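Colleague: Structure in structure tokens, see below.
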Amino acid sequence: MSNTSKNTPKVGIDRITFATPNCYLSMKDLAIERGIDPNKFTVGIGQSQQAVPPNHQDIVTLGAQAALPLMPYIDSNRLKMVIVGTESGVDASKSSALYIHKLLNLSSWVRCVEVKEACYGGTAALMMARDYVLTHPGAQVLVIAADIARYGVGTPGEVTQGAGAVAMLVSENPRVLQINNDSVVKSAEIQDFWRPVYQSTALARGKFSTEQYIRMFCDVWQKYSAENDCNFNDFEAICFHLPYTKMGLKALQAGFEANSGASLTSDTRERLLARYQDSTQYSRRIGNIYTGSLYLGLISLLDYDYFRNSCDSSEPACDSPEVSCDSSSAANSNESPLHLSPLLPGQKIGLFSYGSGAVAEFFSATLVPDWRSALFSNQHLKSLNNRTQLSVSQYEEMFNSAAPYSPQDFVSSQKNRSGARFVLDSIKSQERNYRSI
Ligand code: CAA
């Protein structure tokens, strides 16, 4: 692969973690309530649970919560930018990065901005961060991809809702992944999914949007493989933007079909499908987090490799009832494969980002030595396992009590605050009031 030469400076993801609300809904319960066969949701769409945000949570509180574990690694003299990628912005003018900057008590001497292009915003932020660090050696950039995916009660998109934020610290000599200089990006004005500024729920041409996603994947993959003189065999894993876990699989299979005459080996096909299952474990339990979904998939890929391979080490990796070294454990249930060899430094991971509207990008990242020691795997699993399960009526009540997109005053609920470190307390005279708890 020509563009990923030894001379490329090492810049990439130093740390990566996520936060998600402490409440969830079972997709089986939702299907039964809506009079739908649960297998459609759990198998056909590929979602088991959905994160449900209490109304004191929004992209600001989730973004700050996600970034909190990164604070010990942020050097206030080196941090130069905070970039939030989101399509659930709380203000059409002011950047959510500024609210997060205040909640985290970050240095004043940084640039705070928000970027938007549907689910592609997180990748745009990551690429801006990478380019900045390349031209400003020594700098750190905090990238946050935060969203609340809302389609509406009883809509076809309801099963794919979700909420959460991914935080990434980007720097030189990263401890997790080096981002390679090989990306291919494509833009095309398409009306597949959008959200007018006056409403909190998205509008989607569902089937059309899935077709555009697949078409854009095939287009960028074809150009990427030609420009970088590579094929699927060169990748240990490929992570996808995951609006629901079946979506990336459809694109991967379309890519395999288009490449079936080329050198795609059965080993590669099996490996990429198995790694794909690892990359979907968290999304299956959280749902779509729009800008963060691709990176939630990346975290899932790395964490599930960690869970499988760290049990014999001195560090206790498997401290959750959902994960044990026993091959029959629940951690390995959702088709997570057991026959995979451990991920190794130097291996390349492909990343496909898709934002409706639409922008798509394919790029690669390479695992660096000792990457496992920089993960937050156990904390991630704990936060998911400690969530409160809601009934469908509780979920509907929460959905309908979200902070309004209108000038009226709002006071958030005191319920379901456990585990939340930041809350939206109120909106008074059209000003949002956040605080740490
Ligand atoms: N058992 C098992 N499978 C079943 C089943 C059953 N009883 N009943 C149906 N299924 C399967 C169907 O065969 C279908 O599988 P395939 O896609 O493999 O054919 C699958 O379940 C879904 O069924 P439908 O196509 O009938 O589902 P739907 O019409 O209710 O809508 C959807 C699905 C279009 C994804 C809808 O949820 C939606 O509009 N979602 C929001 C838009 C979206 O996520 N688009 C994705 C691309 S755009 C993007 O990526 C940006 C973003 O984040 C939004």
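The values are calculated or read from the model by the stated rules, or taken from the named source; none is laboratory data. The structure displayed is predicted, hence computed values, not measured ones. Neighbour counts are summed over all protein chains in view; Cβ atoms, including those assigned to glycine, are modelled from backbone coordinates with ideal geometry. Side chains are part of the model used for accessible areas, which takes the heavy atoms of the whole protein and leaves out ligands, DNA and RNA. Shrake-Rupley method; radii C 1.70, N 1.55, O 1.52, S 1.80 Å.
Colleague: Just give me the residues in the stretch 68-125 being without any contact (Cβ under 8 Å) to a residue 12 or more places away in the chain and either within 16 Å of Met168 (Cα to Cα) or in a helix (DSSP H, G or I) (or both), in sequence order.
Modeller: Within the stretch 68-125, Pro72 is the sole residue that qualifies.
Colleague: List every residue pair whose Cβ atoms sit under 9 Å apart, with the two residues 6 or more apart in sequence or on different chains, where the first one lies in the stretch 410-437 and is free of Cβ contacts under 8 Å to residues at least 24 places away in the same chain and of a type in the set (D, E, K, R) and the second, anywhere, is assigned to a strand (DSSP E or B) and open to solvent by 90 Å² or more (accessible area, probe 1.4 Å).
Modeller: Note: pairs meeting the criteria are Lys428/Val411.
Colleague: Please enumerate the residues belonging to the stretch 245-302 that are open to solvent by 30 Å² or more (accessible area, probe 1.4 Å), away from the ligand (no atom under 12 Å from the Cβ), over 30 Å from Ala67 (Cα atoms) and assigned to a helix (DSSP H, G or I).
Modeller: Glu257, Ala258, Ser266, Asp267, Arg269, Glu270, Arg271, Leu273
Colleague: Considering every residue within the stretch 224-243, establish whether at least one is without any contact (Cβ under 8 Å) to a residue 60 or more places away in the chain, more than 15 Å from the ligand (Cβ to nearest atom) and either under 24 Å from Ala51 (Cβ atoms) or of a type in the set (A, V, I, L, M) (or both). Explain how you work it out, then say what you get.
Modeller: Residues of the stretch 224-243 that are without any contact (Cβ under 8 Å) to a residue 60 or more places away in the chain, as a first pass: 225-226, 231-233, 242.
Remaining after also requiring more than 15 Å from the ligand (Cβ to nearest atom): 225-226, 231-233.
Subsequent filtering for residues that are either under 24 Å from Ala51 (Cβ atoms) or of a type in the set (A, V, I, L, M) (or both) retains 226.
The answer is yes; a qualifying residue exists.
Colleague: Mind checking which pairs have a first residue in the stretch 28-40 that is closer than 16 Å to Thr160 by Cβ and a second that is outside any helix (DSSP H, G or I) and near the ligand (Cβ under 8 Å from one of its atoms), Cβ under 7 Å, 6 or more apart or different chains?
Modeller: Ala31/Asp37
Colleague: I'd like to check something: does the stretch 393-415 contain any residue that is more than 16 Å from Asn22 (Cβ to Cβ), assigned to a helix (DSSP H, G or I) and of a type in the set (Val, Ile, Thr)?
Modeller: no
Colleague: May I pose another question? Please verify whether Asp182 is open to solvent by less than 10 Å² (accessible area, probe 1.4 Å) and closer than 24 Å to Val60 by Cβ, treating the condition exactly as stated.
Modeller: Details: open to solvent by less than 10 Å² (accessible area, probe 1.4 Å): yes; closer than 24 Å to Val60 by Cβ: no.
Here the answer is no, as Asp182 does not meet what is asked.
Colleague: Report, by residue number, each residue of the stretch 205-223 that is assigned to a helix (DSSP H, G or I) and without any contact (Cβ under 8 Å) to a residue 24 or more places away in the chain. I'd like the intermediate steps shown before the answer.
Modeller: Narrowing the stretch 205-223 to residues assigned to a helix (DSSP H, G or I): 206-223.
Across the stretch 205-223, the qualifying residues are Lys207, Phe208, Glu211, Arg215.
Colleague: Does Pro72 satisfy the criteria of being open to solvent by 30 Å² or more (accessible area, probe 1.4 Å) and at pLDDT below 95?
Modeller: So Pro72 fails the test.
Colleague: Please identify the pairs in which a residue from the stretch 385-398 that is farther than 13 Å from Arg34 by Cα has its Cβ atom under 7 Å from the Cβ atom of a residue that is open to solvent by less than 40 Å² (accessible area, probe 1.4 Å) and acidic (Asp, Glu), counting only partners at least 6 apart or on another chain.
Modeller: Listed by first residue and then by second, the contacts come to nothing, as the list is empty.
Colleague: So which residues in the stretch 27-54 are away from the ligand (no atom under 16 Å from the Cβ) and either among the basic types (Lys, Arg) or open to solvent by less than 20 Å² (accessible area, probe 1.4 Å) (or both)?
Modeller: Val52, Pro54
Residue-by-condition table, conditions (1) within 16 Å of the ligand (Cβ to nearest atom); (2) on the phi > 0 side of the Ramachandran plot; (3) open to solvent by 10 Å² or more (accessible area, probe 1.4 Å):
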| position | (1), (2), (3) |
| --- | --- |
| Trp109 | no, no, yes |
| Glu117 | yes, no, yes |
| Leu126 | no, no, no |
| Arg130 | no, no, yes |
| Gln140 | no, no, no |
| Ala149 | yes, no, no |
| Gln161 | yes, no, no |
| Met168 | no, no, no |
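Colleague: Quick check: anything in the stretch 5-13 within 16 Å of the ligand (Cβ to nearest atom) and either closer than 30 Å to Thr366 by Cα or open to solvent by 60 Å² or more (accessible area, probe 1.4 Å) (or both)? Spell out how you get there, then give the answer.
Modeller: Let us first name the residues in the stretch 5-13 that are within 16 Å of the ligand (Cβ to nearest atom), namely none.
Checked against the condition, which is being within 16 Å of the ligand (Cβ to nearest atom) and either closer than 30 Å to Thr366 by Cα or open to solvent by 60 Å² or more (accessible area, probe 1.4 Å) (or both), the stretch 5-13 yields no hits at all.
Colleague: Given the conditions (1) within 11 Å of the ligand (Cβ to nearest atom); (2) within 30 Å of Thr366 (Cα to Cα); (3) loosely packed, with under 14 Cβ neighbours inside 10 Å, and given that Gln212 satisfies all but one, which numbered condition is not satisfied?
Modeller: (3)
Colleague: Which members of the stretch 170-204 meet the condition of being within 15 Å of the ligand (Cβ to nearest atom) and not in a loop (DSSP other than H, G, I, E, B)?
Modeller: Passing the criteria: Lys186, Ser187, Phe193, Trp194, Leu203, Ala204.
So that you can scan it fast, the table gives a plain yes or no per residue for (1) at pLDDT 95 or above; (2) hydroxyl-bearing (Ser, Thr, Tyr); (3) in contact with a Gly (Cβ under 8 Å, 6 or more places away or on another chain); (4) open to solvent by less than 20 Å² (accessible area, probe 1.4 Å):
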residue: Pro321; (1), (2), (3), (4): no, no, no, no
residue: Ser324; (1), (2), (3), (4): no, yes, no, no
residue: Ser329; (1), (2), (3), (4): no, yes, no, yes
residue: Ser336; (1), (2), (3), (4): no, yes, no, yes
residue: His339; (1), (2), (3), (4): no, no, no, no
residue: Leu344; (1), (2), (3), (4): yes, no, no, no
residue: Ile349; (1), (2), (3), (4): yes, no, no, yes
residue: Ala358; (1), (2), (3), (4): yes, no, no, yes
